[in-house]
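Inspection log for the structure reproduced underneath, given as structure tokens.
Just so it is clear, none of the values below were taken in a lab; they were calculated from the coordinates. All values derive from a computational prediction rather than experimental measurement. Heads up, the Cβs are rebuilt from the backbone with ideal geometry, glycines too, and the neighbour counts pull from every protein chain shown.
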Amino acid sequence: MNRTESDEAIRWRDYVLLRNTEFSDFWREHGNESGRKLLFVVGRGFDPRTALGIEKIASIASKCSIDLMALEFDQGESTSPIALGDAVVKNWERLQTAVSGRGRILEQLIRFRSDDGHRVGARNAANVISSEAVIESYTDVVVDVSAMPRGVFFPVIARLLYFHDAMRDANGNAPNIHVVVSEDPELDTSIREQGIDENASFLHPFEGEFNREARGVNPTVWIPVLGEGRTAQFDRIYDLVKPDEVCPILPSPSRNPRRGDNIVLEYRDLLFDQIRVDPRNIIYASESNPFEVYRQIRQTSLYYRDVMQLIGGCRVSLSALCGKLMSLGVMLVAYELKANHILNVGVAHIECQGYEMPNDLSLNIEQVGLWIAGECYG
């Protein structure tokens, strides 16, 4: 596919992506600069990676003031084992210890369902950053997505980028926005979603044009980023989107060189027997670089937009059925295309009621940081 816009038009053409020692070196220098004040947003989750990011930054940025915003998830009736609740308690103790004496601890409850049973988690997640006033006193806002579901960190990061852009355009002053991930693709694969919803939906604020009742005559292109163990989710999102064209994205390169092939085998019946995906539509992107995922989706989306203009245009839907890093690429391109009025894509998503995680985990953590808005893009 040919590039449809120049590199200069791409928001994250140049980007900051930090790993391991680079991550530590950056926060040692950046976090200890005079006047730095951080708001660290984290989920109060069961994931063993929950506290790793804040513990690392708090230990090496010893001169920095840090306020902690902890998001607690109320999913109503949950099918998660009791042991996961114990893990949440232990992680909460570690979070509190990490910022003890460094700043305030702000607790925010996110209800995933309304009283009448409707899914409202994404809208409630966006509203934890209710106005520019929430972030205007900070030099940096850090969102650790390691223990957050996509239905939370997509709207939270989108809201932060929206306020950052508005503040920058108004007076030039806006906090830096960072994302932290304690990445372990094998752990992401091991954590299994249980009791998924009967129907998929479009995730706020990325409903695109899909929330209109009238489908119209424009064809629909679906770009799902695939990961292991989510064939049921794939099937139900497909029923929602009803695409005319499907362009799956597979992780390659990856830690496991055969991972992409294994995912193809897992989805083989769905991809090739049921919906008859053209193998030439399969796209590859690095599992460890969300900005490459972002570029691949962006290029594909604009290619179809331009080609379909001859017949009145098309609608593009994205889905993240993958790990946290690749999911961030989906979120970034959805935000940019919408915010810049380039293409109003939808993000099709399905929630679950609980999780299951094996006890005998062998962690292989890579600490990753993304600097997605602020001083470095001046």
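At-a-glance table
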read-out: Dipole of the chain [Lys/Arg +1, Asp/Glu -1 at C-beta], most positive-end residue of V89, L370, V145; value: L370
read-out: In nm, spacing of pseudo-spin labels at I196 and R104 (7 Å Cα→C-beta vector); value: 4.0 nm
read-out: Radius 13 Å from Cβ of F26, net charge of other residues (Lys, Arg +1; Asp, Glu -1); value: -2
read-out: Amide H partners (placed H, <5 Å) of S146, local residues excluded; value: S182
read-out: Amide H contacts under 5 Å for F40, placed H, 5+ residues apart; value: D67, L68, M69, V142
read-out: Hull volume in cubic angstrom per residue (convex hull over the Cα atoms of segment 70-191); value: 130 Å³
read-out: Fraction of the pair-distance distribution of segment 216-360 above 23 Å, Cα-Cα pairs, percent; value: 33 percent
read-out: Charge context of D235, other residues only, Cβ under 14 angstrom, K/R +1, D/E -1; value: -3
read-out: Cβ-Cβ FRET estimate between D278 and A232, R0 fixed at 25 Å, reported to 0.05; value: 0.60
read-out: Expected-Rg normalisation [2.2 N^0.38 Å, Cα atoms] applied to segment 259-313; value: 1.38
read-out: Beta bridge orientation in the chain: antiparallel %, DSSP, nearest 5; value: 30 percent
read-out: Value of relative contact order over segment 99-180, rounded to a whole percent, pairs C-alpha under 8 Å and six or more apart; value: 30 percent
read-out: Cleavage-rule hits, trypsin sites (Lys or Arg not before Pro), segment 200-291, DSSP coil, Cβ neighbours within 10 Å at most 13; value: R212, R215, R258, R276
read-out: Centre separation in Å (Cα based) which lies between segment 169-243 and segment 10-70; value: 25 Å
read-out: Residues with amide H under 5 Å from that of Q194, placed H, sequence gap 5 or more; value: Q353, G354, Y355, E356
read-out: Centre separation in Å (Cα based) which lies between segment 273-317 and segment 86-132; value: 34 Å
read-out: Dipole of the chain [Lys/Arg +1, Asp/Glu -1 at C-beta], most positive-end residue of T21, G35, A200; value: G35
read-out: Segment 161-290: Rg to Rh, with Rh as the Kirkwood radius over Cα pairs; value: 1.03
read-out: Cα Rg, Dmax (largest Cα-Cα span) when computed across segment 23-76, Å; value: 12.8, 44
read-out: Where only C-alpha atoms are counted, convex hull volume of the chain per residue in Å³; value: 143 Å³
read-out: Shape box of segment 203-269 [Cα atoms, principal axes, largest first, Å]; value: 43, 26, 19
read-out: Table column - 3J(HN,Hα) (Hz), segment 106-118, Karplus curve with 6.51, -1.76, 1.60, x for Gly and Pro; value: 10, 10, 10, 8, 10, 7, 8, 10, 7, 4, 8, x, 7
read-out: At 0.692 mPa s and 37 °C, Stokes diffusion of segment 337-378 via Kirkwood alpha-carbon radius, µm² per second; value: 208 µm²/s
